[in-house]
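Here is the structure we will look at, set down as structure tokens.
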Amino acid sequence: MNRIISNLDLAVSELSKGHLLAIPTETVYGLAADATNEEAVKKIFLTKARPINHPLIMHIGRDWNIEQWVTDIPSYAKKLMQLFWPGPLTLIFNLKTNSVISDVVTGGQCTIAIRCPSHRLTLELLNQLGKPIVAPSANPFGKVSPTTAEHVLHDFPKHSFYIVDGGRCEIGIESTIIDATNPHHCQILRDGLIDKARLNALKGDIICLENTKTIRAPGQLKTHYQPHKPAIYLNDIKNIHQLTHCLSNAFLLHFSTVDVVNKELHYQFPPSVKHSAYEFYHRLRSADESKADLIIIEMPPDSFEWKALRDKIIKASAPAE
Ligand code: TXA
Ligand code: MG
């Protein structure tokens, strides 16, 4: 059975033995394996029931030299690493030929996604292990991501890997993914708290383009992050009145102030993007575990800074027609 642990020596030894280990990061919990151990990496796909063509993010320690794995690092990418690592930013680079990283990690692609997480325990773990680890979010494929050790325990009740307890994730949604394979400009493939406005505002000529989907980012599936209960989203909370027939037992997750029908079955997100992101998966999980039979989510404003959350809501739920 799975167990929550706080002993870092045990955690390092588990990874060294080729076992899986759930780890805390500042974004969400990850299900980790030694990136250089192909058999260990395969276990991630089996455990999550994740299609093998979905590449994994490689997590590295502070100030590790990435030139041992990748080539053609653009100068803007060097700047981004300086500014945001350790932190919630993943960069995609061209993989070096004859790299020690197995095809299982990259899904057979010639690129690799890398990030340096900022959670203290995971940085210490990487430091002690001395090798990179791969870690997708520690949830069954397509389901809601975990932001506490207990969430991971809940989602994998029949598995037998340890879960390092690092408390609640301080960011709460996944890292921003940036394609850094073009020498002149980058492209956001998955939105996170580091958004386009923030990147474009940086000094040093970082040109960030819209995602034109020129490279495959399998995380951009139409459905993802889905709760078990049916979920719908509304662009305009005023439409809530049109749904009165199913409202009495629906859980309402909303941003604007509304007169809620059922005081027990609702949660209003805080006004800032940062605080809403912190609460997002946490509250989606509570709604999923409540006695409600439907989850209704209000869309936040249609602006740059809310894009990561809007994207997650669209994938987690269906539009209310
Ligand atoms: O915050 C995060 O990034 C978390 C924590 C645990 O670090 N990890 C995470 O991993 O969200 P995962 O596997 O759930 O999402 C990684 C995404 C997937 O959509 C995958 O397809 C994409 O990254 N990805 C990985 N390598 C890629 C590559 N070489 N090219 C394009 N997309 C890639
Ligand atoms: Mg995920």
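The values are calculated or read from the model by the stated rules, or taken from the named source; none is laboratory data. Quantities reported herein were computed from a predicted structural model and do not represent experimental measurements. Ideal geometry is used to build each Cβ from the backbone, glycine not excepted, and the neighbour counts take in all protein chains shown. To get the accessible areas, we keep the full protein, side chains included, count just its heavy atoms, and leave off ligands, DNA and RNA. Shrake-Rupley method; radii C 1.70, N 1.55, O 1.52, S 1.80 Å.
Of the helices (runs of 4 or more DSSP H) lying entirely inside the range 114-207, the ones with 1 or more residues being closer than 15 Å to Ala277 by Cβ are found at 196-200. Residues of the range 93-140 that are on the phi < 0 side of the Ramachandran plot, within 16 Å of ligand 2 (Cβ to nearest atom) and open to solvent by 20 Å² or more (accessible area, probe 1.4 Å): Ser137, Pro140. A residue that is more than 24 Å from Leu121 (Cα to Cα) and touching a strand residue (DSSP E or B) at 6+ places or on another chain (Cβ under 9 Å) occurs somewhere in the range 53-61.
Each row is one residue, and each column tells you yes or no for (1) farther than 19 Å from Glu26 by Cα; (2) crowded, with 18+ Cβ neighbours inside 10 Å.
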residue: His254; (1), (2): yes, yes
residue: Thr257; (1), (2): yes, no
residue: Val261; (1), (2): yes, no
residue: Leu265; (1), (2): yes, yes
residue: Pro271; (1), (2): yes, no
residue: Leu284; (1), (2): no, yes
residue: Pro300; (1), (2): yes, yes
residue: Phe304; (1), (2): yes, no
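Looking across the range 94-113, the residues that are within 16 Å of Glu67 (Cα to Cα) and assigned to a loop (DSSP other than H, G, I, E, B) come down to Lys96, Thr97, Asn98, Ser99, Val100, Ile101, Cys110.
Restricting Gly130, Gly166 to those that are under 17 Å from the mean Cα position of the chain (by Cα), under 29 Å from Leu83 (Cα atoms) and more than 10 Å from ligand 1 (Cβ to nearest atom) reduces the list to Gly166.
In the set (1) under 20 Å from Lys48 (Cβ atoms); (2) more than 16 Å from ligand 2 (Cβ to nearest atom), Thr90 fails one condition alone, (2). Criterion first (within 13 Å of ligand 1 (Cβ to nearest atom) and either within 14 Å of the chain's Cα centre (by Cα) or among the aliphatic types (A, V, I, L, M) (or both)) does Ile114 satisfy it? Yes.
Residue count for the range 73-88 satisfying the condition of being closer than 15 Å to Thr181 by Cα and either charged (D, E, K, R) or within 11 Å of ligand 1 (Cβ to nearest atom) (or both): 2.
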